[in-house]
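Heads up: the structure comes next, in structure tokens.
The values are calculated or read from the model by the stated rules, or taken from the named source; none is laboratory data. Because the structure is predicted, anything quoted here is derived from the model rather than measured. Quick reminder, even Gly has a Cβ in these numbers, built from the backbone with ideal geometry, and neighbours come from all protein chains shown. The protein model used for the area step is the full one, side chains on, heavy atoms only, and it has no ligands, DNA or RNA in it. Shrake-Rupley method; radii C 1.70, N 1.55, O 1.52, S 1.80 Å.
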Amino acid sequence: MDFLLNIFLLVLILGGSAVLTNWFTRIMYTRCHKCGALNAKRRNECRICAQSLTH
């Protein structure tokens, strides 16, 4: 029983952190449509390829 509880907690902690990280990334960053780089929302152009991020 303790083993199953430990596995449940492990999945809960790792899954929860993955969900929170994904949520934070979607809120704070914009992905460039040309090269796929992550850029801060405040940027107007991509930091890698200089493509405009305001379509």
(request) Kindly state, to the nearest 0.05, the FRET efficiency for Tyr29 paired with Ile7, given R0 = 35 Å and r defined as their beta-carbon distance. (result) 0.60
(request) Work out the charge dipole of the chain with +1 on the Cβ of Lys and Arg and -1 on the Cβ of Asp and Glu about the Cα centre, then indicate which of Leu53, Gly36, Asn6 is farthest towards its positive end. (result) Leu53
(message) In Å², and per residue, what accessible area does the chain have when probed at 1.4 Å with the other protein chains present?
(response) 87 Å²
(message) Nearest 10 degrees is fine. How inclined is helix 2-28 to the longest principal axis of the chain, computing both from alpha carbons?
(response) 10 degrees
